[in-house]
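No lab work stands behind these numbers, since they all come straight from the coordinates. On a predicted model such as this, the values are computed, not experimentally measured, just so you know. Cβ placement follows ideal geometry from the backbone for every residue including glycine, while neighbour counts extend to all protein chains displayed.
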Amino acid sequence: MSIQWYPGHMAKARREILENLKHIDVVVELTDARIPASARNPDIPEIHRKPHILAVAKCDLADPACTEIWCQYWRQQREKVVLLDLINGKGINVLRKEITKYLTKQKREPRVLVVGIPNVGKSTLINRLAGRSSAKVGARPGITRGKQWINAGGFRLLDTPGLLWPKLEDQEAAKRLAVVAAIKDELFDAEEITYWLLEFLQENYPKLLAKRYGLEDPAVETGEVFASIGYRRGCLAAGGDIDRLQTAQVILKDFRQGLIGPITLELPQRNEQNEGS
Ligand SMILES: Nc1nc2c(ncn2[C@@H]2O[C@H](COP(=O)(O)OP(=O)(O)OP(=O)(O)O)[C@@H](O)[C@H]2O)c(=O)[nH]1
Ligand SMILES: [Mg+2]
C-alpha cells in the first residue's frame with residue numbers, strides 16, 4: 001500500500017509561502033523530535049536562503065539519548081537548533097531570543113515564517129510565542145487551512161498549513177509520518193502501520209513495550225504481540241476474536257500520547273553522521 005497525501009490546500013499554501021518569502025526576515029522550520037529527518041524539508045528549498053532556525057518540537061515524546069545524537073549531528077551541519085517541548089513551554093524563551101538576534105532594525109515590523117509538516121506543532125508554537133491562543137490547534141493533521149499573520153509583540157508570525165511532498169517517494173519515511181499522525185488516519189492501513197511500529201519497538205524498545213502492555217516476552221512473533229495487546233485492552237469483536245482495527249488504533253494512540261515511553265523512530269544515517277566530521 002502506498003501512502004500519499006497532497007490535498008489542494010497544501011499546493012496553495014506552498015505557492016503562498018513562496019510568494020511571501022521575499023517579505024520574510026527569519027524562517028523557523030519546525031521538525032518532530034521523534035522523526036527529525038522524515039519530518040523535514042517540506043519541498044521548499046528556498047527557505048534555506050533566509051536566516052533559518054531549526055526548531056525541534058515534541059522533545060518530551062522523544063528518546064533523550066537519540067535527541068543528543070541528533071544534536072551532535074546538527075552541530076556538525078552547523079544548523080541553528082532549538083529544542084522545544086511546547087506542552088510545557090520549554091525552549092520558548094530560547095527560541096524567542098534566537099529569533100530576535102536575526103531581526104535587524106527596520107521600518108516595518110519584522111516577519112517570521114513558521115513552516116513544517118502537518119500536526120508538528122506550528123500553531124501551538126505560534127500561540128506560545130504570541131502568549132495567547134490566536135491560532136487554532138488540534139491533535140489531527142490539517143487543522144490550519146490558510147495562512148494567518150499573528151502579532152507576537154515585536155515581530156509578526158506567519159502560521160501556515162502543514163506541508164508534505166507532492167509524492168512521498170520514501171515510503172519508510174511515509175510510515176513514520178503516519179505513525180506520528182502527520183498523515184490523515186483514513187489514508188493508510190492502521191493495522192499495517194501498527195505492525196511496522198511494533199516490529200520497530202520489539203527491536204529497539206522491547207522493555208518499554210513489555211512494560212506498557214504487560215508482555216512476558218516481547219520478542220515473540222509480532223502477530224502474537226498484536227493479539228495479546230488486543231485481548232489485554234479488551235478490543236474484542238463478535239465471536240471472541242480481537243477487533244484488529246480497534247487494537248491498531250489503541251496502539252497508535254498510546255504511542256502518539258507518549259504512553260509507551262519516550263521513543264525516537266530514526267537516527268541520522270551513518271553517512272549523514274560522518275559528513276563534516
Ligand atoms: N507532547 C507534545 N505535543 C505537542 C507539542 N507541540 C504540539 N503538540 C500537540 O500536537 C498537536 C498538533 O499541534 P498544532 O499546533 O495544531 O500543529 P500544526 O503544526 O499547527 O498542525 P496543522 O495546522 O494541522 O498543520 C496538538 O495536539 C498539540 O497539543 C510538543 O512539543 N509536545
Ligand atoms: Mg496549524
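Can you give the extra length, in nm with one decimal, that the chain gains between GLU68 and ASP185 once fully stretched, where that is 0.36 nm per residue apart less the Cα-Cα distance? Full extension from GLU68 to ASP185 adds 39.1 nm.
Helix-only estimate, please: 222 nm mean residue ellipticity of the chain, summing -39500 (n - 2.57) across DSSP H runs of length 4 or more and dividing by its residues, to the nearest 500.
My calculation for the chain gives -11500 deg cm²/dmol from helical runs alone.
For the pairs LYS12/LYS122; LYS97/LYS253; LYS122/LYS175; LYS12/LYS97; LYS22/LYS184; LYS147/LYS184, note any where the Cα-Cα span goes beyond 26 Å. Don't jump to the answer; show the numbers that get you there.
On the way: LYS12/LYS122 18 Å; LYS97/LYS253 34 Å; LYS122/LYS175 21 Å; LYS12/LYS97 31 Å; LYS22/LYS184 32 Å; LYS147/LYS184 20 Å.
Violating the 26 Å limit, Cα to Cα: LYS97/LYS253; LYS12/LYS97; LYS22/LYS184.
Of the GluC sites (Glu not before Pro) found in the stretch 154-247, those in coil by DSSP whose Cβ has at most 15 other Cβ atoms within 10 Å are GLU169, GLU216, GLU221. Projected onto their three principal axes, the Cα atoms of the stretch 8-167 cover extents of 42, 37, 30 Å, largest first. Our estimate of slack between GLN77 and ASP243, defined as 0.36 nm per intervening residue step minus the Cα-Cα distance, is 55.1 nm.
With θ taken as phi - 60° and the Karplus curve 6.51 cos²θ - 1.76 cosθ + 1.60 applied, the whole-hertz 3J(HN,Hα) list for the stretch 34-45 is 7, 9, x, 8, 5, 8, 9, 6, x, 6, 10, x Hz, x standing for glycine and proline.
Distance from the C-alpha centroid of the stretch 20-56 to that of the stretch 92-107: 16 Å, rounded to the whole angstrom.
Could you give the length gained on full extension between GLU46 and LYS97, defined as 0.36 nm per residue of separation minus the Cα-Cα distance, in nm? Each step should come with its number before you reach the end.
Values: separation 51, 0.36 × 51 = 18.36 nm, distance 2.38 nm.
Fully extending the segment from GLU46 to LYS97 adds 16.0 nm.
Amide H contacts of GLU266: none lie under 5 Å away among residues 5 or more positions distant or on a separate chain (H built 1.01 Å from N in the peptide plane; Pro and chain starts excluded).
Axis of helix 190-204 versus longest Cα principal axis of the chain: the two differ by about 90°, to the nearest ten degrees.
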